[in-house]
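The values are calculated or read from the model by the stated rules, or taken from the named source; none is laboratory data. Computed from a predicted structure; not experimentally measured. Cβ sites come from the backbone with ideal geometry, for glycine too, and all protein chains shown count toward neighbours.
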Amino acid sequence: MMIFSMINGKSPQEAINFTVATSALKHSLEGNYNRASLAEVKKLASGNGIERVRRWRMIESKEDLKQFLETERLLFLHRNYGMRQIERKRPKLIGEYEWKYVRSLRWTEYLKNSGGGYTDLVVCLLHVIRYKILSVLFCVKIPLNIFDEGLLVLHLHGLIISEKVRVGKFCCLFQNTTIGISVGTDDHGNCPLLGDGITICTGAVVVGDIKVADGVTIAANAVVVKNIEKSGCVFGGVPAKEIKESAGFSMLDYWQKINTMAN
């Protein structure tokens, strides 16, 4: 990147800024391929793109696991029961498969990322089994370490997520949604990067080497194939375009409301 900057007539200081910005963006993404665009690097190098440096958090300790489980417990219970059962700590024996699936997903991530710990090994293995069984029963494919804290699955059916996808905090997923690669394009197999507070409604498809800003709502049956740079808006249609400036609902605000009431 330093050589690229000098060839393109940058001053020594501009070349340093460009190189550091490139490195910062690369280290916010997993893998060997830097998916940051030239425009994003220039924006960050100029001091106007700090919001693009984001690390998707993974469960790396028992404390992380507890935090993820507690956040997602509150989200599920409040969404389904209001405050009536907010103190309940475990899913019911029958039903509540969405909560069971997310819990087992998190325990499986904990096992993969940290080894699970000697005392938790049996519990982890039981959750791995349930994670795999529910995946088959409900036609769900959510690989590990895709979603940051606060995943809320409203209907556990037909969820297909590619392993290169990355989704920020407090994502709300409806049934029959797909997030992954765009076939027939020159995207090098890259997948969407979604910000915080995203809501993806029934039947929506989000594909390709694209980015979606924080707080966006993707309407039912929408097909998103291009970047969504405006936060908090609603995209719908095929191909998707902005249909509303604001959804009137924000997962980020929703979590703040729940967290305040629960505490």
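When you scan segment 66-89, do you find a residue that is closer than 13 Å to L144 by Cα and either in contact with a strand residue (DSSP E or B) (Cβ under 9 Å, 6 or more places away or on another chain) or free of Cβ contacts under 8 Å to residues at least 40 places away in the same chain (or both), even just one? Let's see the steps before the verdict.
Of the residues in segment 66-89, the ones closer than 13 Å to L144 by Cα are none.
The answer is no, given that none of the residues of segment 66-89 is closer than 13 Å to L144 by Cα and either in contact with a strand residue (DSSP E or B) (Cβ under 9 Å, 6 or more places away or on another chain) or free of Cβ contacts under 8 Å to residues at least 40 places away in the same chain (or both).
Could you check how many residues of segment 134-149 are part of a loop (DSSP other than H, G, I, E, B) and either of a type in the set (F, W, Y) or within 15 Å of Y101 (Cβ to Cβ) (or both)?
Quick first cut of segment 134-149, residues part of a loop (DSSP other than H, G, I, E, B) only: 138-140, 142-146, 148-149.
Those left that are additionally either of a type in the set (F, W, Y) or within 15 Å of Y101 (Cβ to Cβ) (or both): 138-140, 142-144, 146.
Of the residues in that region, 7 qualify.
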Practice problem: Return only the number of the condition from (1) buried (at least 19 other Cβ atoms within 10 Å of the Cβ); (2) more than 12 Å from the chain's Cα centre (by Cα); (3) modelled with pLDDT of 95 or more that F170 does not satisfy. | Solution: (2)
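Scan segment 96-149 residue by residue and report those that are among the basic types (K, R) and either modelled with pLDDT of 95 or more or farther than 24 Å from G180 by Cβ (or both).
Residues satisfying the conditions are K100, R103, R106, R130, K132, K141.
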Self-check item: Residue that is surrounded by the most Cβ atoms within 10 Å (Cβ to Cβ) [pool: residues in segment 73-85 that are among the hydrophobic types (A, V, I, L, M, F, W, C) and at pLDDT 90 or above]
Solution: L75
Quiz item: If the Cβ limit is 6 Å and pairs must be 6+ apart or interchain, which residue in segment 152-169 that is assigned by TED's automatic domain parsing to the domain that holds V140 pairs with which residue that is of a type in the set (F, W, Y)?
Solution: L154/F174; H155/F174; L156/Y97; L156/Y101; L156/F138; H157/F138; R166/W56; V167/F147
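Strands (runs of 3 or more DSSP E) wholly in segment 155-263 with at least 2 residues that are in contact with a Phe, Trp or Tyr (Cβ under 8 Å, 6 or more places away or on another chain) - which ones?
Values: elements: 178-180, 205-207, 234-236, 241-244.
The qualifying strands (runs of 3 or more DSSP E) are 241-244.
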Quiz item: Is one or more of the residues making up segment 51-71 in contact with a Leu (Cβ under 8 Å, 6 or more places away or on another chain), under 25 Å from I179 (Cα atoms) and not in a helix (DSSP H, G or I)?
Solution: yes
Self-check item: Those residues of segment 174-201 which are under 14 Å from V224 (Cβ atoms), modelled with pLDDT of 95 or more and polar (S, T, N, Q), in sequence order
Solution: T177, T178, T199
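Looking only at residues in segment 231-263 that are of a type in the set (V, I, T) and free of Cβ contacts under 8 Å to residues at least 24 places away in the same chain, which one is surrounded by the fewest Cβ atoms within 10 Å (Cβ to Cβ)? It would help to see each step written out before you state the result.
If we filter segment 231-263 for residues that are of a type in the set (V, I, T), which is where we start, we get 234, 238, 243, 258, 260.
In the following step, the residues that additionally are free of Cβ contacts under 8 Å to residues at least 24 places away in the same chain were identified as 234, 238, 260.
Values: V234: 21, V238: 11, T260: 8.
That would be T260.
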Quiz item: Looking at I129, I133, I160, I179, which one is of a type outside the set (G, A, S) and buried (at least 22 other Cβ atoms within 10 Å of the Cβ)?
Solution: I179
